[in-house]
């Protein structure tokens, strides 16, 4: 049983709790005249100041106590005062819950900070209770606000890393001096904090459609870095500002200004913020990402269905593109089985009348289309099983097309609504998973697919952005979106409890909703819809910065028109995470088929180490247009897996620093090897002419 230690103290200088009652993994500071502040994680140097409250809280009546554009110096947040705290030793984590109260509004905030054992990362989440007598309208609540640096001048040495993202061009990281975003203002001369800020926001329901829900600050003076991720499929905002005492970072879920969010809090009601993880490291950027990698493994739900990390073949990318049939699928099934695939997923279109050219607006009924399969869909799936593979199928569970029978049979309240009308985006409606009819419709769908067809893999897609959200049973549209996304995650967990053998992919239109609200409850994430094999490497190489290596579903789609080197190139992309096969494998030349079988064999020989792998980037986080890119995965057994791509037209020499040990080229094993030379500190790799890629082990 967890050990619980509780200390509730009254205000007053003499009432500070003794050090034995303080949590050891985080440093918290408070006094009778200021709120609780996060001043350190695991004795970090870069993070925390006691003049920055942990929680910033904004209401419709009171926003900032001091005007600015930043999410800092909120009036209610500045009045919060310490009430008590509770420390728990959990089986795999340490935890403290700190309670604060604002006497004027009666708002009580319980902040829970949890550190998984063996990490320098802390998960933060707040619950706001209304203990007063009047209704309060929340317009923004930060999950974690913290200071960094010790003065305005100290910010000169900080670097901020953030990543832009969009369909086909995900994970485009950029590291830049913080001073490029926050100029020096001579704040001491003016005697007050700055009023500007640098902010990043998601918009609508694609949580990673514009920017990744993550970021990093690195301090050249100390060598330390702090990294974070926001765990929500709804809206989020990251805010960086500067004060006389240094920088301020504020991490929030939905806000009024950016996301049309407000939440009405009646007396006795409570509201819980989106979770945020914050990690620190003395080893800079890669060290901070390593801490988040360990943390991500801790927050994942049970993944029994995925323990073996099976190889999946999917018929979509550069292949059938949503037009499956018995005739088209049969040779693909046989070729996938011969290549060593263990799952075969029938992608979109299985439900669509083949006479309809564009089935986009017909989705939502999820019954097989008469006439599409010669002897029915079950016969195709039975053939998958007969070839020794498990079967999968594509669904877009939250979407109903305007031409679908489900659009007429389900009640209006089961769909997103604005101003009393259904929200329509690109000829599609959006289901609200808080409504029992919506959940029942999908429960019936999944139960039928599993029970009748024997499906054991679901590829769950999400191809529209419905906007701010829904106003049904919500204060605002942004409030409704947050509630729906939480209900959808609950449905994912409940579905797996009902069908524990299901393997679930979080596709989300490539990776437009690749956040750890969903990735903690699913097994596999398609990293992109990018169909150009030459453009995919920067996506795949960067993906482990925010997605666990064992969840990075990187498409490898060889085609008969590719050269052998180009075939190996796309397969290396797949091998840089979780190999995810596609392509007309039955049309390949014998030499190409041999390369595919070799890649599958290499993946199977290494996949037991992927759940232990920690990423790093010897050439830096990949630039979108870089000629040379690489990803290193420390496998935790004395070996490092190194994937390297050369996109230039001629042979190049690539210098890899920071890795030592015997270098062995493990893929491809039947093409001309790259030349390897080593000194004590540098590995020199010389590629072959034309775009080429290789996988090495070092150790």
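Taken together, the values in this text are just the output of simple stated rules run on the coordinates, not laboratory data. Here the structure is a predicted model, which is why all the values come from computation and not from measurement. Counting neighbours? That spans all protein chains shown, and the Cβs are built from the backbone with ideal geometry, glycine included.
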*Among [x] 157; [y] 239; [z] 183, which is the computed volume of the Cα convex hull per residue in Å³?*
[x]
*To the nearest 500 deg cm²/dmol, what mean residue ellipticity at 222 nm is calculated for the chain from DSSP H runs of n ≥ 4 alone, each contributing -39,500 (n - 2.57), summed and divided by the residues?*
-5500 deg cm²/dmol
*Which FRET efficiency value, to the nearest 0.05, is calculated for residue 425 and residue 535 with the Förster distance at 30 angstrom and r the Cβ-Cβ distance?*
0.65
*asked:* If neighbour count is taken as other Cβ atoms inside 10 Å, put 391, 233, 508 in order from fewest to most.
replied: 391, 508, 233
*Inter-label distance, nm, simple model (7 Å from Cα along the C-beta direction), residue 358/residue 192*: 5.4 nm
_Contact order normalised by length for segment 3-299, with contacts defined as Cα pairs under 8 Å and 6 or more residues apart; what percent is it?_
19 percent
*Quick one: Cα centre-to-centre distance for segment 204-250 and segment 617-682, in angstrom?*
30 Å
*For the chain, find the longest principal axis of its Cα atoms and tell me its angle to the long axis of helix 590-606, 0 to 90°, nearest 10.*
40 degrees
*In what sequence, highest mean first, do 117-124, 654-661 appear when ranked by Cβ atoms within 10 angstrom?*
117-124, 654-661
*Report, to the nearest 10°, how far helix 477-498 tilts away from the longest principal axis of the Cα atoms in the chain, using its own Cα long axis and a range of 0 to 90°.*
50 degrees
*Starting from the Cα-Cα distance between residue 22 and residue 493, subtract it from 0.36 nm times their residue separation and give me the gain in nm to one decimal.*
166.1 nm
*asked:* Restricting to Cα pairs below 8 Å that are 6+ residues apart, what does the relative contact order work out to for segment 468-619? Please round to a whole percent.
replied: 15 percent
*Residue separation times 0.36 nm, minus the C-alpha to C-alpha distance between residue 43 and residue 473: what's the value?*
150.4 nm
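Which whole-number percentage describes the relative contact order of the chain, with Cα contacts under 8 Å and a sequence gap of 6 or more?
10 percent
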*Using only Cα atoms, find the angle between the long axis of helix 326-339 and the longest principal axis of the chain, and express it within 0 to 90 degrees, rounded to the nearest 10.*
80 degrees
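Rounded to two decimals, what ratio of Rg to Rh does segment 322-526 give with C-alpha atoms and a Kirkwood Rh?
We get a ratio of 0.97 for segment 322-526.
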*Normalise the Debye intensity by I(0) for segment 44-111, one equal point scatterer per Cα, no solvent, then take log10 at q = 0.13, 0.19, 0.20 Å⁻¹ and round to two decimals.*
-0.46, -0.84, -0.89
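Against the globular-protein guess of 2.2 N^0.38 Å, express the Cα radius of gyration of segment 3-299 as a ratio, rounded to two decimals.
Normalised Rg, Cα atoms only: 0.95.
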*Evaluate E = 1/(1 + (r/R0)^6) for residue 601 and residue 367, where r is the Cβ-Cβ distance and R0 equals 45 Å; express this FRET efficiency to the nearest 0.05.*
0.70
*Sorted by average packing, counted as other Cβ atoms within 10 angstrom per residue and highest first, what order do 558-569, 456-467 take?*
456-467, 558-569
_Peptides ranked, highest mean first, by Cβ atoms within 10 Å: ranges 53-62, 486-495, 177-186_ = 53-62, 486-495, 177-186
